2 protein chains.
Amino acid sequence: MYYWAVVRTKDPSIRALLIDRAAQMLRTRRPVTLRSLVAGTGASTMAVYTYFGGMEGLWKALRQEGFTRLAAELAKVPATADPVRDLAALSAAYLSNAMDNPDLYRVMFDATFELEDSKAADETLHCLVRGVERAKSAGRFRDDIDPLELAVQGWAIGHGLASLVTTGPLPRQALAHGVPLLTALFVSAGDDPGRCRRSIEQGWEQVRL
Amino acid sequence: MYYWAVVRTKDPSIRALLIDRAAQMLRTRRPVTLRSLVAGTGASTMAVYTYFGGMEGLWKALRQEGFTRLAAELAKVPATADPVRDLAALSAAYLSNAMDNPDLYRVMFDATFELEDSKAADETLHCLVRGVERAKSAGRFRDDIDPLELAVQGWAIGHGLASLVTTGPLPRQALAHGVPLLTALFVSAGDDPGRCRRSIEQGWEQVRL
DNA sequence: GGGAAAACATAGCATTGCTATGTATTATTG
DNA sequence: CAATAATACATAGCAATGCTATGTTTTCCC
């Protein structure tokens, strides 16, 4: 009787537990299926429906979890006196996160985006936008640069590399192409070539790839 | 008796038929399942196993088909007197192909690459490498530029844009970011900024996006 | 023609996501 | 505090999935 009362006490954290378990199963490359997900948790298959409304809801929650973790990683990158260096560190952190959780990264982009997904991704993009604005304020970029546009272009570079490496066509060391790519982009935005190169190489080393 | 003989005559093109049908089902966003694929073709479910060895083999064949079609589209881009303009036209054709068959494009990159997939993708990449070599020969890029590296960097840009647009986070008009991105990349490779910009804008217009 | 090999159809299996139904637990009243 | 409404949960079962086993037909090769 007693232990039943304990076990059966409503536990809203079971939602987070299932998400974590799914993320871990993705990391260990085990197929995430309805029954295999709830097996071992004590919960029944219905838990997925009460908490997520079905498997599709679970994937959506997993996508948001992926963006949340990504945003947390990006938030760890400190703002130094060199905003271009910080932008490179942000990009490196983006790639590092994708390399640490390649399957979760794939899930984040495999289904067509919905409103909720876009909101989760917005925080990631906004992080880059703020970095570009800081670089503008520091006089590294031209005044006519649109921070959002430059951030999107940087995102395209980062996602292109991350996607091509995690899916296999490019080897992991191809991530190093990020340095010349970002340098080219930021120089085109007005930064001094030599100074830009040094900043980016410094920022790149901030993150273990 | 007679019509049976006609119908049952071994037809090796049934393999291509199934691939085409699967590609069309992807385009019309109908779920490609074993039974729905063979329904209407007169073939039974076993055809998928005799020709592809299972559904996974079908997906692999579809990936190769996707790269083959992509290579055919890229081959249509003519080589003019302006190799930088041709490189932009190649990139635009790459994006155009992805926009025309977004689901096929996603299938091409959703599973981890195997040897056969890499061989199919090689032709695509080699197309860009040749373009870079022509630009070097024309004196547009510096002598120390590695054609393969620059081609890979261009591929990362193209795939990043194509992937972010087909999966939803970026709207279709974001493809226009390809112009400044390629300009930045090729200027960093040594091309004259003004001339590069003009070449790329011209090449970009060669393809309907 | 006749035998070997490949292609094919049928039927059935285990597993998938999901729903219907009934039961237990929680919360919300009077 | 008890009675009722609402929610969470377990069980069982359904249609559909990919796949395999088995037997039959067709094609190839001598």
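Below is a table of values for the structure above.
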{"quantity": "Unmet criterion (only one of (1) within 24 Å of B:Arg208 (Cα to Cα); (2) assigned to a loop (DSSP other than H, G, I, E, B)) for B:Ala71", "calculated": "(2)"}
{"quantity": "The lone exception for A:Val152 - which of (1) at the interface with chain B (Cβ under 10 Å from one of its Cβ atoms); (2) over 23 Å from the mean Cα position of the chain (by Cα); (3) not small (Gly, Ala, Ser) it fails", "calculated": "(2)"}
{"quantity": "Any hit, the stretch B:87-107, residues being more than 24 Å from B:Pro180 (Cβ to Cβ) and of a type in the set (A, V, I, L, M, F, W, C)", "calculated": "yes"}
{"quantity": "Hits in the stretch B:105-137 - residues which are within 28 Å of A:Ala111 (Cα to Cα) and hydrophobic (A, V, I, L, M, F, W, C)", "calculated": "B:Val107, B:Met108, B:Phe109, B:Ala111, B:Phe113, B:Leu115, B:Ala120, B:Ala121, B:Leu125"}
{"quantity": "From A:Arg140, A:Arg35, A:Arg30, residue being assigned to a loop (DSSP other than H, G, I, E, B) and either in contact with a His (Cβ under 7 Å, 6 or more places away or on another chain) or outside the structural domain of A:Thr167 (by TED's automatic domain parsing) (or both)", "calculated": "A:Arg30"}
{"quantity": "The stretch B:34-80, residues that are more than 16 Å from DNA strand D (Cβ to nearest atom) and within 14 Å of another protein chain (Cβ to nearest Cβ)", "calculated": "B:Gln64, B:Gly66, B:Phe67, B:Leu70"}
{"quantity": "Members of the stretch A:109-124 that are facing chain B (nearest Cβ under 9 Å) and under 10 Å from the mean Cα position of the chain (by Cα)", "calculated": "A:Ala121"}
{"quantity": "Residue list for the stretch B:156-194, restricted to those being within 7 Å of chain A (Cβ to nearest Cβ) and more than 16 Å from A:Ala121 (Cβ to Cβ)", "calculated": "B:Ala156, B:Ile157, B:His159, B:His177, B:Pro180, B:Leu181, B:Thr183, B:Ala184, B:Leu185, B:Val187, B:Ser188"}
{"quantity": "Check on A:Arg130, crowded, with 20+ Cβ neighbours inside 10 Å and of a type in the set (D, E, K, R)", "calculated": "no"}
{"quantity": "Residue tally, condition surrounded by fewer than 12 Cβ atoms within 10 Å (Cβ to Cβ) and charged (D, E, K, R), over the stretch B:39-75", "calculated": "1"}
{"quantity": "Residue in the stretch B:148-166 that is closer than 30 Å to B:Arg29 by Cβ, touching a residue at least 40 places away in the same chain (Cβ under 8 Å) and polar (S, T, N, Q) present", "calculated": "yes"}
{"quantity": "Test: residue in the stretch A:34-52 that is within 20 Å of the chain's Cα centre (by Cα), more than 9 Å from DNA strand C (Cβ to nearest atom) and modelled with pLDDT under 95", "calculated": "no"}
{"quantity": "Cβ-Cβ under 7 Å pairs, at least 6 apart or on other chains, the stretch A:15-33 side within 14 Å of another protein chain (Cβ to nearest Cβ), far side within 13 Å of DNA strand C (Cβ to nearest atom) and not polar (S, T, N, Q)", "calculated": "A:Leu26/A:Val32"}
{"quantity": "Residue among A:Ala98, A:Ala93 that is within 14 Å of chain B (Cβ to nearest Cβ) and within 10 Å of the chain's Cα centre (by Cα)", "calculated": "A:Ala98"}
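The values are calculated or read from the model by the stated rules, or taken from the named source; none is laboratory data. Note that this is a predicted model, so its numbers are computed, not measured. A quick note on method: Cβ atoms are made from the backbone with ideal geometry, for glycine too, and the neighbour counts reach across all protein chains shown.
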